[in-house]
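Worksheet: the structure to be examined is printed underneath.
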Amino acid sequence: LDTKIMDVYLNGYRVDEPEGKETRSIDLHIYISATDETTHQVIAVALQKATHRMDIDMHAYSFAVFRALRHVLPLAHYLIAEVEGEISSLHYIKDGIIAASTSFPYGKNTLLRRIMKEKHMSALTAGSLLRLMLDEQSHLSELALERDLLQEEAGRFGALLKVATENLTKQHLSVPHLALLTEDKTATFFSYAIKKSGIISTKTETGRTQMR
């Protein structure tokens, strides 16, 4: 899908605009994303039918997120957690580049389905109830999350996140910074779950960034 240059070093120094510069040595950090041909073709055909366009280009969302956040978060080491509908993706930024990425099977819909099952509700009603449960106070509220169901689900998400983090970094690591990308209505829950997991250093706060 993508082959993008993340960083360029000329003569051992990082350079943002290397074009036209002379150098004795060059080091490149390259981001590559790929998918199997069958999946690519199925998605392309579906998009062509829906948009009536034949020139369909596909790109990895994770690299776009990284490029946007690297200017907002000028940090050497941090994690980016994207909570999507069915899965969550985790990206380990080391020395200012994407060192590794992974995903695990827990997303916003996972939480909604649990509420639907326990409360015998439709998806729309469960979504409304979730917003009410999380909107009791305007900031992260331990009181609003004392409910057994949310506590249990926060533990499930946190356990998966912790394993994914350890697999990415190859060590039991408490990272100082994490950027959380999710929609507003679930940001409180997932921020709480991340803090409860213990992967974030106690002296720092979880960053919440909304991407549209």
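The figures follow:
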read-out: Residue tally, condition modelled with pLDDT of 85 or more and open to solvent by 10 Å² or more (accessible area, probe 1.4 Å), over the stretch 149-163; value: 8
read-out: In the stretch 31-65, the residues that are closer than 30 Å to Gly96 by Cα, assigned to a loop (DSSP other than H, G, I, E, B) and either touching a Cys at 6+ places or on another chain (Cβ under 8 Å) or touching a residue at least 12 places away in the same chain (Cβ under 8 Å) (or both); value: Ala34, Thr35, Met58, His59, Ala60
read-out: Residue match in the stretch 2-13 (condition: part of a loop (DSSP other than H, G, I, E, B), open to solvent by 80 Å² or more (accessible area, probe 1.4 Å) and within 25 Å of Ala99 (Cα to Cα)); value: no
read-out: Candidate set from the stretch 166-194 (those that are touching a helix residue (DSSP H, G or I) at 6+ places or on another chain (Cβ under 8 Å) and closer than 18 Å to Ile98 by Cβ); member that is most open to solvent (accessible area, probe 1.4 Å); value: Leu173
read-out: Hits in the stretch 119-136 (condition: of a type outside the set (A, V, I, L, M), part of a helix (DSSP H, G or I) and in contact with a Leu (Cβ under 8 Å, 6 or more places away or on another chain)); value: Lys119, Gly127
read-out: The stretch 83-118: number of residues that are of a type in the set (A, V, I, L, M, F, W, C), open to solvent by less than 50 Å² (accessible area, probe 1.4 Å) and either part of a loop (DSSP other than H, G, I, E, B) or closer than 17 Å to Asp7 by Cα (or both); value: 4
read-out: Residue ID - modelled with the highest pLDDT, chosen from residues in the stretch 166-212 that are part of a loop (DSSP other than H, G, I, E, B) and within 20 Å of Gly85 (Cα to Cα); value: Thr182
read-out: Close pairs (6 angstrom Cβ cut-off, 6 or more residues apart or separate chains): without any contact (Cβ under 8 Å) to a residue 60 or more places away in the chain in the stretch 109-136, part of a loop (DSSP other than H, G, I, E, B) anywhere; value: Asn109/Gly85; Asn109/Glu86
read-out: Pair list, Cβ < 6 Å and 6+ apart or interchain, from the stretch 11-30 residues that are modelled with pLDDT of 90 or more to residues that are surrounded by 10 or more Cβ atoms within 10 Å (Cβ to Cβ) and of a type in the set (Ser, Thr, Tyr); value: Asn11/Thr23; Asp27/Tyr9
read-out: Leading residue by the ranking (farthest from Thr38 (Cα to Cα)) among those in the stretch 59-71 that are surrounded by 14 or more Cβ atoms within 10 Å (Cβ to Cβ) and in contact with a Leu (Cβ under 8 Å, 6 or more places away or on another chain); value: Val65
read-out: Residue check, Arg67 basic (Lys, Arg) and either at pLDDT below 90 or within 21 Å of the chain's Cα centre (by Cα) (or both); value: yes
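The values are calculated or read from the model by the stated rules, or taken from the named source; none is laboratory data. This one's a predicted model, so the numbers in the text were calculated from it and none came from an experiment. So basically every Cβ, Gly included, is an ideal-geometry build from the backbone, and we count neighbours across all protein chains shown. These accessible areas exclude ligands, DNA and RNA; they are computed on the full protein's heavy atoms, side chains included. Shrake-Rupley method; radii C 1.70, N 1.55, O 1.52, S 1.80 Å.
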